[in-house]
1. In the range 76-135, how many residues are more than 16 Å from the ligand (Cβ to nearest atom), within 18 Å of residue 63 (Cα to Cα) and either outside any strand (DSSP E or B) or touching a helix residue (DSSP H, G or I) at 6+ places or on another chain (Cβ under 6 Å) (or both)?
2. Output the residues belonging to the range 144-163 that are out of contact with any His (no Cβ under 6 Å at 6 or more places or on another chain) and within 16 Å of the ligand (Cβ to nearest atom).
3. Would you mind finding the one in 221, 166, 177 that is surrounded by fewer than 20 Cβ atoms within 10 Å (Cβ to Cβ) and among the aromatic types (Phe, Trp, Tyr)?
4. Which number in (1) open to solvent by 20 Å² or more (accessible area, probe 1.4 Å); (2) in a helix (DSSP H, G or I); (3) not aliphatic (A, V, I, L, M) marks the one condition that residue 31 misses?
5. Which condition number does residue 149 fail, the rest of (1) in contact (Cβ under 8 Å) with a residue 12 or more places away in the chain; (2) not in a strand (DSSP E or B) being met?
6. Within the range 217-260, how many residues are over 22 Å from the mean Cα position of the chain (by Cα) and either farther than 23 Å from residue 60 by Cβ or β-branched (Val, Ile, Thr) (or both)?
7. Between residues in the range 264-287 that are among the β-branched types (Val, Ile, Thr) and in a helix (DSSP H, G or I) and residues that are at pLDDT 95 or above and surrounded by fewer than 24 Cβ atoms within 10 Å (Cβ to Cβ), which pairs lie under 9 Å by C-beta distance while being six or more apart or on different chains?
8. Conditions: (1) among the polar types (S, T, N, Q); (2) in contact with a helix residue (DSSP H, G or I) (Cβ under 8 Å, 6 or more places away or on another chain); (3) more than 30 Å from residue 23 (Cα to Cα). Residue 148 meets all but one. Number of the miss?
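The values are calculated or read from the model by the stated rules, or taken from the named source; none is laboratory data. Note that the structure is a prediction, hence the values are computed from the model and not measured. Methodologically, a virtual Cβ is constructed for each residue, glycine included, from the backbone with ideal geometry; neighbour enumeration extends over all protein chains shown. For accessibility, only protein heavy atoms count, side chains too; no ligands or nucleic acids. Shrake-Rupley method; radii C 1.70, N 1.55, O 1.52, S 1.80 Å.
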Amino acid sequence: MNIPLLDLKAQYVSIRDEVNAAIAEVLESQNFILGPKVDQCEKAIAAYSNCSFGIGVSSGSDALLACLMAENIGPGDEVITTPYTFFATVGAISRLGATPVFVDINASTYNIDVTQIALKITAKTRALIPVHLFGQMADMDPVMQLAQQHNFAVIEDAAQAIGAEYKGRRAGSIGHYGCFSFFPSKNLGAFGDAGMIVTNDDQRAEKLKVLRGHGAKPKYYHRIVGGNFRLDAIHAAVVSAKLPHLDSWTAARQQNAERYDQLFREAELPICPPVVATNRHIFNQYVIRSSSRDLLQAFLKEEGIGSEVYYPLPMHLQDCFAYLGIKAGAFPESERAANESLAIPVYPELSDSQARYVVECIGEFFGQTPAVPMGDELRLVLEPSL
Ligand SMILES: Cc1ncc(COP(=O)(O)O)c(C=O)c1O
């Protein structure tokens with residue numbers, strides 16, 4: 001059996017007519033930059049996220065960058081985040097000359113360990129970027145309490161978490177900003193690079209709209225320096241056409257995750273299935289852990305199963321951040337996750353027999369390879385259902 005990590009063709013086949021018609025409308029209008037399709041998409045994503053404003057941008061990476069720019073963050077400023085994330089989170093901080101300050105992750109959720117944040121706050125702290133990794137939101141109440149107490153901005157990196165919820169509140173709606181990525185592999189993917197910022201603050205929304213067009217207001221007059229962070233109309237049309245399907249795709253991902261949980265439980269495999277600690281995990285990824293991760297991944301590849309390591313090297317150990325002077329061992333949970341985590345297929349179209357095959361193959365691997373048991377201590381870190 002051949003099971004990719006993600007099967008975008010299966011999704012496209014199911015919505016081909018709607019998406020093609022949406023693109024055809026843009027082609028007929030020849031209105032490619034911003035315009036009505038982008039306005040419509042912004043309103044729809046803002047409403048979906050329970051936010052007042054949506055600002056379409058060129059990518060999730062540029063969403064993060066634009067939010068930091070909107071806060072005038074630059075040299076001398078510190079921005080707190082985790083080292084166990086996609087590069088863009090930390091790249092945006094560094095590109096502006098600000099200093100990334102890392103807090104380790106909670107081993108159960110892979111999200112920021114809120115018990116360690118206070119230790120890292122200084123007079124220079126200007127923002128915190130909680131990353132809602134793999135589709136589950138960070139523990140936002142303590143984050144927002146600290147933000148209020150110490151007067152810094154919270155930029156939710158919700159690139160992997162559109163529609164996720166924390167205590168009934170949508171990803172992107174709790175911080176001062178929420179950043180989404182519509183990279184094709186995300187739960188709501190465009191047909192190329194695209195992203196969106198959501199906010200409930202009208203002044204921040206206005207500033208972001210100016211920033212995404214090189215800071216011009218009116219056209220050709222610049223009081224601030226922005227960038228070309230605009231969302232293309234074709235991507236906006238694709239995202240709007242896909243949005244009505246998102247909840248059913250999320251439900252299918254959740255069912256797949258539950259099925260895996262049950263099959264792994266029955267097979268008693270030492271793989272630490274994901275811990276669901278908030279009330280709507282959207283499973284952009286279903287991530288298991290093993291001390292024999294690399295061997296397991298190679299074995300699965302032989303059996304035709306796609307998997308991916310998100311992420312093999314935490315940010316504090318990346319060459320480009322060596323100037324921060326942080327040594328291996330500084331963030332043990334991030335480093336352990338980088339060595340052990342493996343994402344397996346959880347896409348909505350994954351069938352029962354495919355999921356069973358994945359679990360069978362993992363069982364076969366452990367039948368041949370003695371694993372270091374690592375299970376239960378990881379499950380005890382958080383109370384269920386925040
Ligand atoms: C956590 C996280 N932040 C930011 C980004 C950046 O998004 P984009 O690829 O749209 O620039 C991604 C995308 O992979 C991501 O996963």
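1. Total meeting the criteria: 2.
2. Residues of the range 144-163 out of contact with any His (no Cβ under 6 Å at 6 or more places or on another chain): 144-152, 155-157, 159-160, 162-163.
Residues satisfying the conditions are 155, 156, 157, 159, 160, 162, 163.
3. After ruling out the rest, the residue left standing is 221.
4. (2)
5. Condition not satisfied by residue 149: (1).
6. Let us first name the residues in the range 217-260 that are over 22 Å from the mean Cα position of the chain (by Cα), namely 217-228, 233-234, 259.
Cutting the leftovers down to either farther than 23 Å from residue 60 by Cβ or β-branched (Val, Ile, Thr) (or both) gives us 217-225, 234, 259.
So the count comes out to 11.
7. As it stands, the answer is none, since no pair meets every condition given.
8. (2)
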